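Peer 1: Just dropping this structure here.
The values are calculated or read from the model by the stated rules, or taken from the named source; none is laboratory data. These numbers were taken from a predicted model, which means no experiment stands behind them. Reconstructed Cβ throughout: ideal geometry from the backbone, glycine too, with neighbour counts over all protein chains shown. With ligands, DNA and RNA removed, areas are computed over all heavy atoms of the protein, side chains included. Shrake-Rupley method; radii C 1.70, N 1.55, O 1.52, S 1.80 Å.
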Amino acid sequence: MTARNRELLNLFVVGLLTACGFASVYLASQDIPEFSTTSLSYAGFFLALFLAAHLVVRYALPLADPYLLPIAGLLTATGLTMIYRIEPGQAFRQGVWVVGGVALFAAVILLLRDHRRLDPLKYTCGVAAIALLALPALPIIGHTVNGARLWIQVGPVNLQPGEFAKVLLVVFLAGYLRDNRELLSMGFGRVGIPSPKHFGPLLLIWGVAMLVLFQSNDLGGGLLLFSIFLAMLYIATGRWPYIAVGLVLFAAGSYVLYHLRDHIANRIAIWLDPWQDPYDAGFQLVQSIYAIAGGGLFGQGLGRGVLLSDSGEPYIPFLETDFIYSAITNELGLAGGAAVVLLYLVFAYRGFRIAMLADDGFSKLLAAGLTATLAIQAFIIVGGVTGLIPLTGITLPFVSYGGSSVIANFLLVGLLLIVSDHVNRSADR
Amino acid sequence: MSARRVNRRVRLLVAVFTLAFGVVLVRAGWLQAVQSGPLDRLAASQQREAITIPAHRGTIYDRTGVELAIGERAITVYANPQQIMNPRAVALAVGRTLGTDPAAVLEQLSDRSKGFVYVARKADAVKAESLRRQEIVGLGFYPEERRSYPLGTVASEIVGYAGVDNRGLAGLELGLDKLLGGSDGKKTIVRDPFGHRLDTVDAEDAADGRDLRLTIDNTLQRQVERVLEATRERWNAKAATAVVLDPKTGGILAMGVEPGFDANDFPKASRDVQRNRAVTDTYEPGSTFKVVTLSAVLETGMVTPTDTYTLPYEIRVSDRVIHDAVPRGTETMSVAEILSQSSNVGVITLALGLGREKLSEWIDRFGFGHETGIEYPGETPGIVVPPEQWSGSTIGNVPIGHGIAVTPLQMARVYGAIANGGVAIQPHLVERVEGKGAVGPARKRVISTRVSKQLTAMLRGVVEDGSGVEAQVPGYFVAGKTGTAAKPDPVYGGYSKTAYVGSFVGFAPARNPRVVVLVTVDEPRGTIWGGTVAAPAFRDIMRFALQYLQVPPDVPEEAGSAAE
């Protein structure tokens, strides 16, 4: 079976699951269950959308990995179903974003064709990434949501430029680290302690991450950016001291900011003991933990969980964005939650596999960086809502409600598939 | 760039991510499989919460507006042991702040099978507030009212007390609990994502209790209790009781019992001292009852006060021989003299003329054997033997106040009726209920104005030169009657040879009575006579009451009478 047929088969499975999900939410929402084809038509439309994406891949990237698109599809479907269950109106808007994401996915594949064409644009990408990160800090267009200044408003649309910045940053780092790999790898002694002057780039990125943290109060975003950088730096150089120094720097910087900014200090305090103030500061996390625990092994059933109060307000604020994982586990239980986590893990395996098969440094670093981005982001938010690590407000890739996040992640998958097709073509030769 | 070395690094990264997601799954499994049950219970307890909104309990005022019972702000501290991470530390903090025993608190907090325990009911508001500020997880607070009795022992037998749940347990607090207590409100609330109320379901507003204004005067009450205490000590008596009644309104100005108790500290008081004996206990009234017999014979027109009888010292009734208190020869006495000299023989002679049926009717007419209907709970109707059960000798007992059990209040009401021109007024303690129109007390004419005047004149004689001279109050004409009766012997039956009740009941000023006072002294030692043990207490109370109520004297105080 060819890779594309495998992908098609996987997508049909995803479509079937989507239909089941929508149907059960629809049935649960009614007092007297009555079957309706409306819910099935949603699933049908969704399947059609991903079949279109499949056709683009089949046409342009016939040898690309057959699992990444179905995984992205299943995660997106899970998110849409949950958002539909929480707030049907938002599901429609999210659907529009998904269409936009798939469109960008197709455009990138059809227009870019070869990721290596990004190599000469690496510095442009780097500058663009920093510009995007700085945008929310601007007056008028920038604004703050839930204490984090991450948003810009363009016309009627709210965008989170940081979501796109992370992809651009990976492109930049892939090119830059490939070029400066030799220099950065030079070191003394058996472990190869790098020369102090080579810490320059590290300090620069650290500075950017700290600025993001300080300016936007976004601990999650800063952690994500810096972790991506460390992961790629390690792959490029293999030098532990970079990682060690980087982690120490990040910890020190966070510690200083901890004392400078209440928002960050609160996040840490809540993580250490959410029950300190269960009805105010710790409310989100406590409710999240209740929701997760309430799911038990197999969940309350899709559409039957205790997520909304009688008046329709979610018990957990930001349920459909930051806390969507809690909602999923409440209704689908440990089994459903574990399935979602395993999807990210399989995505990571497939992504890193592309990196390992690649024969040039840029492709390797790009594939590894893009994969790490998605996996780290998933870990930060799932770890956060389960109380494993301090809770920071970032989206669960593909699943959470949010246009910027969905579109940026489809861009990420598109790039990854381009690399994959290229890698498999070279292997065939 | 060496592909193999790079791939080794990527593989390491894969391992790191596998590990990281593995830890996430372990954490999820811990929450969803292991901790699911306890966390579920916690979640259920916080999403819906039933709250009782305590109704404010009405304040009890005396007739001058002084508070006798008030609801003070207090805070009840409770805990959810399942939420308390470190019971020992919390117990110590609670003990330190509230001043309670940490060991007892610890025992409660350690019981994780419970989701709710009281840490302290109705704790001091200030201390509880400082505990609340420590923001200890698992502790909860809600406002409550704590009943407090600012005057302590004063009027405690009347007011009674309310328990920790703010429900009346004794006295008027019990008798009028429904009025005072109102009804608690109820609310079931659902917390919103920010911990504030989202939905309120099944809301039921609290209806506050009503304030009461009593007829009691705290100053008079205090004085009465003081006099009773001195009297009880003086005669080494078991108890002393007094009723002070306004004959024109039926309002009870004071009603004291000694020994008493402090309503703020009621659990330490024995049930025995908590009784309002003036209402719940009976005694044999002895000679004070003779006015009933006299009323009957005068009212039926059988005799007039000036009719005379020739009376021996003794009289035989059936198998019994009854004699007067003081030995004497056969004398001729007027009806008035029979009462003022308290002649048993005379009264029985009159009663024999009246007959058991007629006498029983009059006893009933004066309200004996029936509750007076006062608001105080646990009132006894007394014991009156119906005429068809009388033995041959009963007509020799009852007319002189033996073989009949009455409450001090019933007796006070009889003298109130005489003082009020023959009209008995329902004795009562509550002058007004907040928000309710005044309902005049029931009035009932018992005897004619003529007879009431005749009786008053006779009773003045008792105080002026009869057995009640100790009851004289300088400047006022006092009418009254002494009473002395042996108590029934609970062990051997019949009557005790040593245990007596000495009493005095009367009113003043005789020409326009304003105050009725009744005093009983239970089991005095040394002497038993009401004229000796109870009359001085009557005098002290009456003198104070007349001055306090600014009742103008009947006669200017003369040098002679003021010299006592």
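Peer 1: In nm, to one decimal, how far is the B:LEU352 label point from the B:ASP165 one, both placed 7 Å along Cα→Cβ?
Peer 2: Taking the simple label geometry, B:LEU352 and B:ASP165 are separated by 6.0 nm.
Peer 1: Still on this structure: Please work out the Kirkwood hydrodynamic radius for the protein assembly as shown, using every pair of different C-alpha atoms, and report it in angstroms with one decimal place. If you can, show how the numbers build up before the last one.
Peer 2: On the way: mean 1/r = 0.0277 Å⁻¹.
About 36.1 Å for the protein assembly as shown.
Peer 1: Right, another one. Could you compute the FRET efficiency for B:ARG443 and B:GLN35, with r as their C-beta to C-beta distance and R0 at 56 Å, rounded to 0.05?
Peer 2: On the way: r = 74 Å, r/R0 = 1.32.
For B:ARG443 and B:GLN35, the calculated efficiency is 0.15.
Peer 1: So if R0 is 35 Å, what FRET efficiency would A:LEU260 and B:ARG133 give, r being the distance between their Cβ atoms, rounded to the nearest 0.05? Could the numbers behind the result be given before it?
Peer 2: Numbers: r = 27 Å, r/R0 = 0.78.
Efficiency computed from Cβ-Cβ geometry: 0.80.
Peer 1: Ok, one more. On the first, second and third principal axes, largest extent first, how far apart are the outermost C-alpha atoms of region B:306-396 in Å?
Peer 2: Reported extents, whole Å, longest axis first: 49, 27, 22.
Peer 1: Quick one: if the Förster radius is 22 Å, what FRET efficiency do B:TYR313 and B:LYS487 give, using the C-beta to C-beta distance and rounding to 0.05? Walk me through the numbers before you get to the answer.
Peer 2: Details: r = 25 Å, r/R0 = 1.14.
Efficiency computed from Cβ-Cβ geometry: 0.30.
Peer 1: May I pose another question? Just the C-alpha atoms of region B:50-191: what Rg/Rh do they give, with Rh taken as the Kirkwood radius? Walk me through the numbers before you get to the answer.
Peer 2: Working: Rg = 17.3 Å, Rh = 16.6 Å.
My calculation puts Rg/Rh at 1.04.
Peer 1: Turning to a different aspect of this structure: Based on Cα coordinates alone, diagonalise the gyration tensor for region B:57-100, multiply each eigenvalue by 5, take square roots, and list the semi-axes in whole Å, largest first. All intermediate terms of the calculation are to be shown ahead of the outcome.
Peer 2: Details: eigenvalues 299, 28, 4 Å².
Values for region B:57-100, descending: 39, 12, 5 Å.
Peer 1: Just checking the output field for B:29-42: average partner chain Cβ neighbours within 10 Å of each residue's Cβ? Could you put the intermediate results ahead of the total?
Peer 2: Numbers: counts 4, 5, 15, 16, 5, 1, 3, 8, 2, 1, 7, 6, 1, 6.
Shielding by partners across B:29-42 averages 6.
Peer 1: May I pose another question? Can you send over the carbon and sulfur percentage of the accessible area for chain B, probe radius 1.4 Å, protein chains only?
Peer 2: Working: 12360 of 24210 Å².
Reported share for carbon and sulfur atoms: 51 percent.
Peer 1: Round to the nearest 10 and report in Å² the accessible area of B:LYS186, as given by a 1.4 Å probe over the protein chains' heavy atoms.
Peer 2: Surface accessible to solvent at B:LYS186 totals approximately 120 Å².
Peer 1: Could you tell me how far the Cα centroid of region B:124-148 sits from the Cα centroid of region A:45-98, in Å?
Peer 2: 55 Å
Peer 1: Using a 10 Å cut-off on Cβ to Cβ distances, tally the other chain neighbours for every residue of A:366-373 and report the average as a whole number.
Peer 2: Numbers: counts 0, 1, 5, 0, 0, 4, 4, 0.
Mean inter-chain Cβ contacts per residue within 10 Å come to 2.
Peer 1: Something else now. Based on DSSP H runs of at least 4 residues, each adding -39500 (n - 2.57), what is the mean residue ellipticity at 222 nm of chain A after dividing by all its residues, to the nearest 500 deg cm²/dmol? Write down the numbers at each step before the final one.
Peer 2: Working: 14 runs with 298 residues, N = 429.
The helix contribution divided over chain A gives -24000 deg cm²/dmol.
Peer 1: What average count of beta carbons from other chains do you get within 10 Å of the Cβ of residues in A:163-175?
Peer 2: Details: counts 0, 0, 0, 0, 0, 0, 0, 0, 0, 0, 0, 0, 0.
Whole-number average of other-chain Cβ neighbours for A:163-175 is 0.
Peer 1: Report, in whole Å, the centroid distance computed from the Cα atoms of region B:288-357 and region B:263-279.
Peer 2: 40 Å
Peer 1: Still on this structure, I have one more. Please check which bits of region B:54-88 a label hung off B:SER148 would reach, taking the label as a point 7 Å along Cα-to-C-beta and the cut-off as backbone N under 18 Å.
Peer 2: Within reach of a label on B:SER148, which here means backbone N under 18 Å from a point 7 Å along Cα→Cβ, region B:54-88 contributes B:56-62, B:66-77.
Peer 1: Based solely on C-alpha atoms, express the radius of gyration and the Dmax of region B:202-335 in angstrom.
Peer 2: In Å, with Rg to one decimal and Dmax whole: 23.0, 83.
Peer 1: Here is a follow-up. Chain pair B, A: how much accessible area is buried, both chains summed, with a 1.4 Å probe, in Å² to 100?
Peer 2: On the way: alone 26530 and 18630 Å², together 40720 Å².
Roughly 4400 Å² of accessible surface disappears when B and A pair.
Peer 1: Also: Mind checking the full-extension length gain between B:ALA125 and B:SER270? Use 0.36 nm per residue of separation minus the Cα-Cα distance, one decimal, nm. Working shown, then result.
Peer 2: Values: separation 145, 0.36 × 145 = 52.20 nm, distance 2.93 nm.
Using 0.36 nm per residue and subtracting the Cα-Cα distance, I get 49.3 nm.
Peer 1: A further question on this structure: With n ≥ 4 as the cut-off for DSSP H runs, can you work out [θ] at 222 nm for chain B, using -39500 (n - 2.57) per run divided by the number of residues, rounded to the nearest 500?
Peer 2: On the way: 20 runs with 195 residues, N = 564.
Rounded to the nearest 500, the figure is -10000 deg cm²/dmol.
Peer 1: Further question on the same structure: Students often check this: by mean Cβ neighbours within 10 Å, which of B:25-31, A:269-275, B:302-308 ranks highest, and how do the rest follow?
Peer 2: Order by mean packing, descending: B:25-31, A:269-275, B:302-308.
Peer 1: For the protein assembly as shown, what is the accessible area per residue in Å² when the probe is 1.4 Å? Mind showing how you got there, number by number?
Peer 2: Numbers: 40720 Å² over 993 residues.
Averaged over the residues of the protein assembly as shown, the accessible area is 41 Å².
Peer 1: When N counts the residues of chain B, how does its alpha-carbon radius of gyration compare numerically with 2.2 N^0.38 Å, as a ratio?
Peer 2: Values: Rg = 34.7 Å, N = 564, 2.2 N^0.38 = 24.4 Å.
Rounded to two decimals, the normalised Rg is 1.42.
Peer 1: Also: For the peptides B:482-493, A:382-393, what is the packing order when you average, over each peptide's residues, the other Cβ atoms within 10 Å and list the highest mean first?
Peer 2: A:382-393, B:482-493
Peer 1: For B:LYS436 paired with B:HIS56, estimate the spin-label separation in nm (one decimal), with each label point 7 Å from Cα along the Cα-to-Cβ line.
Peer 2: Label-label distance for B:LYS436 and B:HIS56, simple model: 1.9 nm.
Peer 1: Would you jot down the residues in region A:329-348 that end up with at least 40 Å² less accessible area in the complete protein assembly than in the chain alone, with a 1.4 Å probe?
Peer 2: Residues losing area: A:LEU334, A:VAL341, A:LEU345.
Peer 1: Cα-based Rg (one decimal) and Dmax (whole number) for region B:230-293, in Å?
Peer 2: Taking only Cα atoms of region B:230-293, I get Rg and Dmax of 14.2, 45 Å.
Peer 1: Carbon and sulfur atoms: what percent of the 1.4 Å accessible area of region A:3-428 do they account for?
Peer 2: Numbers: 10870 of 16070 Å².
Carbon plus sulfur share of accessible area: 68 percent.
Peer 1: Let me check the size of chain A from its C-alpha atoms; what are the radius of gyration and Dmax in Å?
Peer 2: 21.6, 74
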